[in-house]
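Below you'll find the structure, written out as structure tokens, and then a few comments.
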Amino acid sequence: MKALVHICRVLVGGLFIFSGFIKLNDPLGFSYKLQEYFSYDVLDIPSLIPYALGISIFVVVFEVVLGVFLLIGYKPKFTVWSLLAMIVFFTFLTFYAAYFEKVKDCGCFGDFLKLSPWQSFWKDVILLVMIVILFIGQRHIKPLLTKFGLSVTALLSFIFSLWFGYYVLMHLPAFDFRAYKIGDNLQENMSLPPDAQRAVSDYIWTYKLNGEEKTLTDRGRGPKTYDEIVGVETVVIKEADVPKIQDFSIESEDEDLTQQFLAEDKLVIIVAYSLEKAEIEGMGGLKAMVKKAQDKGYPVIGLTASGESKKKEIQDTYHLDVDFYLCDEKVLKTIVRANPGVIVLEKGTVTQKVHWNDLEDLKF
């Protein structure tokens, strides 16, 4: 039992630290996932949506700290009880999402690793089993440091987690795993390679032949001889590959200008998923950046999901000589974790990306 507890201690502690740190690297992204869980279509508790960011920071900091506590053996009773409560909640959440097919990705590992709802659920079940073992054998969880060392390590893990979470919120995630990271070409990420996996499906045909009802399963050709086709069911055996980027567009009221702008030698894009919710200080700093970029020969455009009247209001209020185009809000939230943020493209390749706090770091 002692050896089993030690193995579970290392695995659970390491996984909680890793999972928590990945989400702590992008707490704003995790808050978007929580908003999805809180929505009418999933848990139907929209009253929590305004507090999603605060909840996300609390959860991920607590996750990292609990992992550290477990590894060093700090307050084992509190740690194990907290881990058990957290994993029971997560297991319920992932089961609900999987069973009712409400959420396609649980967000357990942020954008670093995408898990299907059922994969997330079974991952949580395995964790639950290991945490139950820790709960039963918690007497075997011994501290690895002196009492003073434990207190210092626990405090430092908490302080570091809070600082790191604040830092990435005020700038951008330290590690970018999305399809819009610096160095990625958007046209390439919007396309599939020639060897991409196509969908593989079984077709189950029900038909009548000589007055007798029969069934045939094939890959789509159907029965060679029949009197009547009663029906056909399709079962997907292998899902088709999809492009890394599926919904990105740059649209005016009349046309899709995506390829035109992505072909530009150089282009600056102001990304503000919602002009209504954009940070006032951030919007105020854009005018100087726009002039600097335009003086260096960079075309500058804006992308937003807001309507025409709000675009005009923002242009007039902040004296921005920039045309704003339409793009899906969820896509804009994915491109840059700031409202507003700025990306610089060269023939569709992302060369710079900054939070509004770091506009002065842009080089033209």
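The values are calculated or read from the model by the stated rules, or taken from the named source; none is laboratory data. Treat the numbers as computed from the prediction; the structure is a model and nothing was measured. Here the Cβ is made from the backbone with ideal geometry for all residues, glycine too, and neighbour counts use every protein chain on show. Quick note on the areas: whole protein, heavy atoms, side chains included, nothing else; ligands and nucleic acids left out. Shrake-Rupley method; radii C 1.70, N 1.55, O 1.52, S 1.80 Å.
Peptides 334-341, 202-209 ranked from most to least packed, by the mean per-residue count of other Cβ atoms within 10 Å: 334-341, 202-209.
Is region 181-223 rounded, prolate or oblate when judged by the Cα gyration tensor, a ≥ b ≥ c being the square roots of its eigenvalues, rounded requiring a/c under 1.5 and prolate requiring a/b larger than b/c? It is prolate, given that a/c is not under 1.5 and a/b is the larger ratio.
For the chain, the solvent-accessible area with a 1.4 angstrom probe is 55 square angstrom per residue. Placing a label point 7 Å from the Cα of T146 along the Cα-to-Cβ direction, the residues of region 56-84 whose backbone N falls under 19 Å of that point are 72-75. Distance from the alpha carbon centroid of region 70-90 to that of region 177-251 works out to 44 angstrom. Structural descriptor for region 1-128: relative contact order 27 percent, calculated from alpha carbon pairs under 8 angstrom and at least 6 residues apart. Within the same chain, lysines fewer than 8 places from K224 are excluded, and of the rest, those with a Cα less than 25 Å from its Cα are K208, K214.
Quick test of the membrane-span-like rule: which DSSP H helices of the chain reach at least 18 Å along their long axis (C-alpha atoms) with mean Kyte hydropathy at least 0.5?
Working: long enough: 2-24 (32 Å, 1.59); 52-72 (30 Å, 2.81); 76-99 (33 Å, 1.40); 117-136 (28 Å, 1.72); 147-170 (35 Å, 1.48).
Within the chain the helices that satisfy the rule are 2-24, 52-72, 76-99, 117-136, 147-170.
Using Cα pairs under 8 angstrom and six or more residues apart, how large is the relative contact order of the chain, in percent?
Working: 609 pairs, mean separation 55.3, N = 364.
Taking the mean separation of contacting Cα pairs over the length of the chain, I get 15 percent.
What the Cβ-Cβ distance of I204 and L115 gives, at R0 = 35 Å and to the nearest 0.05, is a FRET efficiency of 0.75.
On the accessible surface of the chain, probed at 1.4 Å, how many percent belong to carbon and sulfur atoms? Intermediate values should be presented prior to the final figure.
Details: 11680 of 19910 Å².
Of the solvent-accessible surface of the chain, carbon and sulfur hold 59 percent.
Shape class for region 258-364: rounded, because the ratio a/c of the largest to smallest gyration tensor axis (alpha-carbon atoms, square roots of eigenvalues) is under 1.5.
Distance between the pseudo-spin-label points of M170 and K224 (7 Å out from Cα toward the beta carbon): 7.5 nm.
Could the peptides 81-91, 152-162, 233-243 be put in order, highest first, of the mean number of other beta-carbon atoms found within 10 Å of their residues? The partial results should precede the final answer.
Values: 81-91: 16.7, 152-162: 15.2, 233-243: 11.2.
Averaged packing, sorted descending, gives the order 81-91, 152-162, 233-243.
Summary of packing: across the peptides 295-302, 219-226, 316-323, the per-residue average of other C-beta atoms within 10 Å ranks them, highest first, as 295-302, 316-323, 219-226.
Going by the alpha-carbon gyration tensor, a ≥ b ≥ c the square roots of its eigenvalues, is region 83-225 rounded (a/c under 1.5) or, if a/c is not under 1.5, prolate (a/b greater than b/c) versus oblate? Present the calculation step by step, with values, prior to reporting the outcome.
Working: a/c = 4.11, a/b = 1.76, b/c = 2.33.
Oblate.
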